[in-house]
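> Have a look at this one before I ask anything.
The values are calculated or read from the model by the stated rules, or taken from the named source; none is laboratory data. Note that this is a predicted model, so its numbers are computed, not measured. Glycine gets a Cβ as well: all are built from the backbone with ideal geometry, and neighbour counts include every protein chain shown. Side chains are part of the model used for accessible areas, which takes the heavy atoms of the whole protein and leaves out ligands, DNA and RNA. Shrake-Rupley method; radii C 1.70, N 1.55, O 1.52, S 1.80 Å.
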Amino acid sequence: MTKQAVVPSPKRKTSKGLSGKAQISSKLEQANMIRESADVRRARFRTILDELAVLYPDAKCALDFTNPFELVTATILSAQCTDERVNIVMKDVRKKFPTPKAMATADIAELEATIRSTGFFHQKALSLKSMASDIVEKFGGVVPSTMDELTTLRGVGRKTANVVMGNAFHNAEGIAVDTHVTRLAGRLGLSKHKEPEKIEQDLMSMTEQAEWSIVSHLLILHGRAICTARSPKCSSCTIADLCPSRGMPGSV
């Protein structure tokens, strides 16, 4: 995404801790934000992204990879696992199973042992072996580079395909929606939906295709650092004044 010259907005007090007229004014602002028009919501999201780009200037895919096959593998392993753990495990994976053919013909017990620390290793091993077999049998050992083809691979859904398309092939066809993106899209009033596919469509409608990959990275980074699941840090959030959920119960 081409970053615009943006001066970060000064931090403002959130609704938490306010009383009287200030509390009423804050709640009215939040209510108006929820009822805003599509154009106003798009403009607000634009401002949110600009401020997050300043806050996270080095935003990129957190998974380490050197080729599309490694990224497909790492993304499958990342389910219910931290990116840090996946990156550690991938060091052994790329040594033992460097190609789709090597993984497709691997002993399932060895594959399970290699990825065990990522959790759910039985199912993940089956998914990896099946995915690699599909690449070998259907695509001549080369990871396909289109959304339609990627999603034919066993174990590869739209989220994984979006990650690969945007980061390995630099040709995003959508926005990867994980738990962080889902949470922030709801809290920021960007989507009223719970289904990843519908959330993705809402976010895509407010942004340009060239920035679809960075949109996901920015929201994920903010979700990990500030807008956490249990105790969002609203008091130190630089986009709190743009958020209809600021000062929510449990926030700090």
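> Here are LYS95, LYS101: which of them is farther than 19 Å from THR152 by Cα and open to solvent by 40 Å² or more (accessible area, probe 1.4 Å)?
LYS95
> To continue, here is another question. Under the condition of being of a type outside the set (A, V, I, L, M) and without any contact (Cβ under 8 Å) to a residue 40 or more places away in the chain, which residue from segment 209-242 is surrounded by the most Cβ atoms within 10 Å (Cβ to Cβ)?
THR228
> Taking LEU77, is it modelled with pLDDT of 95 or more, surrounded by 12 or more Cβ atoms within 10 Å (Cβ to Cβ), out of contact with any His (no Cβ under 7 Å at 6 or more places or on another chain) and over 27 Å from LEU150 (Cα atoms)? Let's see the steps before the verdict.
Values: modelled with pLDDT of 95 or more: yes; surrounded by 12 or more Cβ atoms within 10 Å (Cβ to Cβ): yes; out of contact with any His (no Cβ under 7 Å at 6 or more places or on another chain): yes; over 27 Å from LEU150 (Cα atoms): no.
No.
> Kindly list, by first and then second residue, each pair from a residue in segment 60-80 that is free of Cβ contacts under 8 Å to residues at least 24 places away in the same chain to a residue that is open to solvent by 50 Å² or more (accessible area, probe 1.4 Å), limited to pairs with Cβ atoms under 7 Å and residues at least 6 apart or on different chains.
ALA74/PHE65
> Counting only residues that are among the aliphatic types (A, V, I, L, M) and out of contact with any Pro (no Cβ under 6 Å at 6 or more places or on another chain), which one in segment 166-178 is farthest from ILE220 (Cα to Cα)?
Looking at the filtered set, the residue picked out is ALA172.
> Return the only residue of VAL163, VAL156, VAL143, VAL136 being in contact (Cβ under 8 Å) with a residue 24 or more places away in the chain, touching a Pro at 6+ places or on another chain (Cβ under 6 Å) and crowded, with 21+ Cβ neighbours inside 10 Å.
Values: VAL163 fails: touching a Pro at 6+ places or on another chain (Cβ under 6 Å); VAL156 fails: touching a Pro at 6+ places or on another chain (Cβ under 6 Å); VAL136 fails: crowded, with 21+ Cβ neighbours inside 10 Å.
On inspection, the qualifying residue turns out to be VAL143.
> Tally the residues that are in a loop (DSSP other than H, G, I, E, B), more than 25 Å from the chain's Cα centre (by Cα) and surrounded by 14 or more Cβ atoms within 10 Å (Cβ to Cβ), restricting the search to segment 104-133.
Going through segment 104-133 one residue at a time, the tally reaches 1.
> I'd like to check something: does segment 170-191 contain any residue that is in a loop (DSSP other than H, G, I, E, B), within 24 Å of ASP39 (Cβ to Cβ) and free of Cβ contacts under 8 Å to residues at least 24 places away in the same chain?
Step one: of segment 170-191, the residues in a loop (DSSP other than H, G, I, E, B) are 170-178, 188-191.
Adding the requirement that they be within 24 Å of ASP39 (Cβ to Cβ) leaves 172, 174-175, 177, 188-191.
Add one more test, that the residue is free of Cβ contacts under 8 Å to residues at least 24 places away in the same chain, and what stays is 191.
For segment 170-191, residues in a loop (DSSP other than H, G, I, E, B), within 24 Å of ASP39 (Cβ to Cβ) and free of Cβ contacts under 8 Å to residues at least 24 places away in the same chain: present.
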